[in-house]
Amino acid sequence: MGLDIGDRYLRVAQLRSGSREPEWLQYREEELLPGWVEGGVIWDFAALLRKLQSVVREMKLQRQRTVAAIPAASVYSRTLKLPPMPLHELRAAARLQALTFLPLPPEETVSDIVPGAKREENGRVTQEVFFAAIRRAPAEALEQLCARSRLRLAAAESEADALHRLIVRAHHPDPIVLLYTEPGRLLLAAYANRRPLFLRSLNAGEGATRPALSLRPELSRAFNDLERLHQLRPDNIILCGSAEHNGRYADMAADISRSTVTTLDAAGMLRAGDAPAPEAAERWLLPLGLACRLLV
């Protein structure tokens, strides 16, 4: 089961392994009242808990293994260059270096690393390490939500990782640069050798009348940072997310990056099982990608 709790909606997708492709079992979308969740932060835990418990009870999902999404806006990430060392020492060194850029004390975060490639520069060998941290409080709130709803939380992962899993399933070549769109929000992420390289969440802010236009300067800076930090100018960008916004964001991304933009075919990702694939399948990319983690 994939669980996606956004600012406006709670989405659940339950899958099972099919003979050739995973199959839909059931799915559900519930609208959340304003103020329950904002920017990925849960403000009304009791109301959200009642909503999730009701969904779990009606869909008979008790004790279901679950993967939940961590909103990209709650993730602090950076690619570090460290001397090669054992994994436990890499973790300690990354946390020490994170003191220089994390906007909050390390004890208030939960962090981990993904080791990347080793490179030789100026006669020295360095190890690329993708570091990611999330606030401890939202992570613990997510654990409590699942536990009190009788769900077995198997993992919590970033939105970008869930989307990347679907793009890999669709056999797009490496490296992968993805652009995920939602009303008033963009997520730009890059992966090389199936490892995270770059993550940037862009928000138009409350009350933006023309969100695509207001996000253009931030998106331009994000593409510039991707090229400056990782020498990556993509030939192709995979666009996914809110279909009603994809057209304008595709044109904007192509103009800024001078790259080809390809829209991910969400409808063809799964076979119909006990339930047919939902209409507007692009809205289900996140819970779909989350659930697929347990089917791989």
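The values are calculated or read from the model by the stated rules, or taken from the named source; none is laboratory data. Only a predicted model underlies this, so the values are computations on that prediction, with no experimental measurement involved. Cβ: placed from backbone, ideal geometry, glycine included. Neighbour counts: every protein chain shown. Side chains included, ligands, DNA and RNA excluded: accessible areas come from the protein's heavy atoms. Shrake-Rupley method; radii C 1.70, N 1.55, O 1.52, S 1.80 Å.
Listed values, structure above:
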{"item": "Within the range 95-109, considering residues that are assigned to a helix (DSSP H, G or I) and in contact with a Lys or Arg (Cβ under 9 Å, 6 or more places away or on another chain), the one surrounded by the most Cβ atoms within 10 Å (Cβ to Cβ)", "result": "A98"}
{"item": "Any hit, the range 234-257, residues being over 23 Å from R165 (Cβ atoms), at pLDDT 80 or above and not in a helix (DSSP H, G or I)", "result": "no"}
{"item": "Cβ pairs under 8 Å, 6+ apart, first in the range 178-190 and of a type in the set (D, E), second part of a strand (DSSP E or B)", "result": "E182/G241"}
{"item": "Breaking point among (1) closer than 24 Å to D265 by Cβ; (2) of a type in the set (S, T, Y); (3) open to solvent by 80 Å² or more (accessible area, probe 1.4 Å), for Y180", "result": "(3)"}
{"item": "Breaking point among (1) within 24 Å of Y191 (Cβ to Cβ); (2) touching a residue at least 12 places away in the same chain (Cβ under 8 Å), for E121", "result": "(2)"}
{"item": "Total residues in the range 1-54, condition open to solvent by 40 Å² or more (accessible area, probe 1.4 Å) and in a helix (DSSP H, G or I)", "result": "5"}
{"item": "Qualifying positions in the range 67-98 - within 18 Å of I134 (Cβ to Cβ) and either without any contact (Cβ under 8 Å) to a residue 40 or more places away in the chain or acidic (D, E) (or both)", "result": "R91, A94, R95, Q97, A98"}
{"item": "Residue match in the range 57-73 (condition: farther than 30 Å from Y27 by Cα, of a type in the set (G, A, S) and open to solvent by less than 50 Å² (accessible area, probe 1.4 Å))", "result": "no"}
{"item": "Residue satisfying condition, being of a type outside the set (S, T, N, Q) and modelled with pLDDT of 90 or more, within set A117, A137, A93", "result": "A93"}
